[in-house]
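*Asks:* Below is a structure I'd like to ask you about.
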Amino acid sequence: MSFRQARWDEPPIWELASVPESPAAPPPVPGVPERLRRKRGVRWPELSELEVVRHYTRLSQMNFGIDTSIYPLGSCTMKYNPKVSELLARRPGAAALHPYQPEATAQGAMELIWRLERALAKITGMAEASLQPAAGAHGEYAALLMVRRHLAERGELERRTEVLLPDTAHGTNPASAQMAGFTAREIPSTNGCVDLAQLRAALSDRTACFMLTNPNTAGLFESEILEIAEAVHSAGALLYYDGANLNAILGITSPGRMGFDVAHLNLHKTFATPHGGGGPGAGVLAASERLAPYLPIPRVVRRGRKYRWEYDRPKSIGKIKTGYGNFGLDLRAYAFLLAHGEEGLRHVARRAVLNSNYLAHRLSAELDRPFRPLVKHEFVLSGARLRERGVRTLDLAKRLLDEGVHAPTVYFPTIVEESLMIEPPETESRRELDRFAEAFERAIRDTPEALHRAPQNLAVLRVDEVRAARYPRLSWKDLRETAPPPAPDGSMPPSPPPKP
Ligand SMILES: *Cc1c(COP(=O)(O)O)cnc(C)c1O
């Protein structure tokens, strides 16, 4: 890289000195055919270091993350990602690993996977765990493939085609059921919990599996879980646990104790690994004695003091991902587990539940709370009352962004009108919870006009969601094409034909 000669009548010396000059076309490399040769020099971006730093710093400030402020997304467990885990994951011995390097050169990583799988099996009360799935939904899908394998072996796959789930289920549950070749059937809840009578009525010799989250997405513990397990098993079906958020029960109870056969967990929720923005996730599959043989291959096994990938598992559903999970996240989660220890994990659960009840109590003064008993790690409010003022939950959520906090999950669970679902994880202090409650109070007391206009202080204002969905701009090339304007009556013109 060469630098321009600095002159006194030009901008500051440092700025000039740090602007690279685009080189001229390089001399031809012997042997490279004429038609493949570069005709012009490479065009470097001719920007000073300061300009580049300001550009990226500005971009980062337009973004919101867990390091900025509280992120109380119900169902998503957005907790602090300890920086010590980041330091560990960036060490060359971990970051430079290749997924297909020889076993003998990856013993440390394999030992970590082996230890973490055993720790997670213990935490879930299951026989074995696998870190292979890339995310929660991937774990769900793989678990249902295991259910299929098991049913096929029993000769009942043809008959057992239905997967039952409560109407509070996370959207990925019915989607995974459908993708795994089952028909998803919803069971209505009563007071936010599974209605045992309705479940019993729906169970039959066509049921393959019942998918459940406990505590469920209304933040309520399904206290009839043992009866539920008994009913599902006596119908010959299997019980699946969606453990994306294990926050409320860590070290206190487990899906194994509740009678589940197979479960998935999200390291990127419960175990404090980074999450969101499309970054890598890490799902975990945990299986009881009965379903463990179907876990995906390979499995990490220990032979003497050596760790090996074992492929010889005849009942396995096979391989479900290139490489093996997302190792960088496994390492961060392992650090989180070791830092807490068994008692520390129980503290995580108690603190998450305490935070949630504290905030639920404070915010119940502002909005209706449909399910009144004590909640677990999250709770649901209804914004239906705001409608009297012509305001919707969405307006409140947008107005909260102007307060510098992230909005809760909105319009889920769908069983509550204008729902808001709030989860303040254990990593938030009481002072932060109070700040959030105060922001919430200010937002809700604002005028309807201000609520409709919000957000006003962000880089991106209210998004036209219909246009965004119809005319997504997914690459810089799309930016050059302008979407047609809405018709005078506000309706959208038809979508353009899909691009080849
Ligand atoms: C997040 C979540 C999932 C899906 O996990 P992904 O990693 O996003 O695929 C499934 N169930 C529940 C309850 C969740 O909160």
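*Asks:* Which value, in Å² and to the nearest 10, is the accessible area of Arg392 when all protein chains are kept and the probe is 1.4 Å?
*Replies:* So the heavy atoms of Arg392 present about 100 Å² to solvent.
*Asks:* Got a number for the accessible area of Met258? Probe 1.4 Å, square angstrom, nearest 10.
*Replies:* Solvent-accessible area, nearest 10 Å²: 10 Å².
*Asks:* Provide His452, His340, His377 ordered by accessible surface of protein heavy atoms (probe 1.4 Å), highest first.
*Replies:* Ranked from most to least accessible, the order is His452, His340, His377.
*Asks:* What whole-number volume per residue, in cubic angstrom, does the convex hull of the C-alpha atoms of the chain give?
*Replies:* Dividing the Cα hull volume of the chain by its residues yields 247 Å³.
*Asks:* On a full-extension model of 0.36 nm per residue, what is the gain between Asp205 and Ala468, subtracting their alpha-carbon distance, rounded to one decimal in nm?
*Replies:* Taking 0.36 nm per residue and subtracting the Cα distance, the gain is 90.2 nm.
*Asks:* Can you tell me which of 319-329, 100-110 comes out highest on packing, and rank the rest after it, using the mean Cβ neighbours within 10 Å?
*Replies:* Ranked by mean Cβ neighbours within 10 Å, highest first: 319-329, 100-110.
*Asks:* Can you list the lysines whose alpha carbon is less than 27 Å from that of Lys79, not counting same-chain residues fewer than 8 positions off?
*Replies:* Lys122, Lys269, Lys321, Lys376, Lys398
*Asks:* So what is the relative contact order for the stretch 111-244, in percent, with contacts set as C-alpha pairs under 8 Å and at least six apart?
*Replies:* Averaging sequence separation for qualifying contacts and normalising by length gives 22 percent for the stretch 111-244.
*Asks:* Still on this structure, please answer the following. If Lys and Arg each add +1 and Asp and Glu each add -1, what is the summed charge of the other residues whose beta carbon sits under 10 Å from the beta carbon of Thr447?
*Replies:* After counting each charged neighbour, the total is +1.
*Asks:* How high is the relative contact order of the stretch 84-339, in percent, with contacts defined as C-alpha pairs under 8 Å that are six or more residues apart?
*Replies:* Across the stretch 84-339, relative contact order equals 28 percent.
*Asks:* Based on DSSP, what percent of beta bridges with both residues in the chain are antiparallel, to the nearest 5?
*Replies:* So the antiparallel bridges amount to about 60 percent of the total.
*Asks:* Find how much the distance from Tyr358 to Arg430 grows on full extension, using 0.36 nm per residue of separation minus their present alpha carbon separation; answer in nm with one decimal.
*Replies:* Taking 0.36 nm per residue and subtracting the Cα distance, the gain is 25.0 nm.
*Asks:* Then there's this: Count neighbours as other Cβ atoms within 10 Å of each site's Cβ, and list the GluC sites (Glu not before Pro) in the stretch 112-183 that are DSSP loop with at most 13 such neighbours.
*Replies:* Glu158
*Asks:* So how strong a dipole does the stretch 395-459 carry about its Cα centre when Lys and Arg Cβ are +1 and Asp and Glu Cβ are -1, to the nearest 20 debye?
*Replies:* Dipole size: approximately 180 debye.
*Asks:* Within 10 Å of each candidate Cβ there may be at most 14 other Cβ atoms; applying that plus a DSSP loop requirement, which GluC sites (Glu not before Pro) in the stretch 276-377 survive?
*Replies:* Glu289
*Asks:* Shifting gears a bit: Counting only heavy atoms of the protein chains, get the accessible area per residue of the chain (1.4 Å probe) and round it to a whole Å² value.
*Replies:* 51
*Asks:* Mean separation of Cα pairs under 8 Å and 6+ residues apart, divided by the residue count of the chain: what relative contact order is that in percent?
*Replies:* Relative contact order here is 17 percent.
*Asks:* Now a separate question. Once whole DSSP H runs in the chain are found, which of them have Cα atoms spread over 24 Å or more along the helix axis and a mean Kyte-Doolittle score of at least -1.0?
*Replies:* Counting only whole DSSP H runs, the qualifying helices are 107-124, 136-153, 327-363.
*Asks:* Hey, another quick one. From the Cα gyration tensor of the stretch 162-201, with a ≥ b ≥ c the square roots of its eigenvalues, which class applies: rounded if a/c is under 1.5, or else prolate if a/b is larger than b/c, or else oblate?
*Replies:* Oblate, since a/c reaches 1.5 and b/c is not below a/b.
*Asks:* Which percentage, to the nearest 5, of the DSSP beta bridges contained in the stretch 84-339 is antiparallel?
*Replies:* About 50 percent, rounded to the nearest 5.
*Asks:* Given a 1.4 angstrom probe, I'd like the percentage of the accessible area of the chain that is carbon and sulfur, rounded to a whole number.
*Replies:* Roughly 56 percent, rounded to a whole number.
*Asks:* Can you tell me the FRET efficiency between Tyr311 and Arg257 if r is taken as the Cβ-Cβ distance and R0 is 25 Å, rounded to the nearest 0.05?
*Replies:* 0.20
*Asks:* Can you give the FRET efficiency for Arg35 and Thr57, using 1/(1 + (r/R0)^6), R0 = 60 Å, r = Cβ-Cβ distance, to the nearest 0.05?
*Replies:* 0.90
The values are calculated or read from the model by the stated rules, or taken from the named source; none is laboratory data. These numbers were taken from a predicted model, which means no experiment stands behind them. Cβ coordinates were reconstructed from backbone atoms using ideal geometry, including for glycine residues, and neighbour counts include every protein chain displayed. These accessible areas exclude ligands, DNA and RNA; they are computed on the full protein's heavy atoms, side chains included. Shrake-Rupley method; radii C 1.70, N 1.55, O 1.52, S 1.80 Å.
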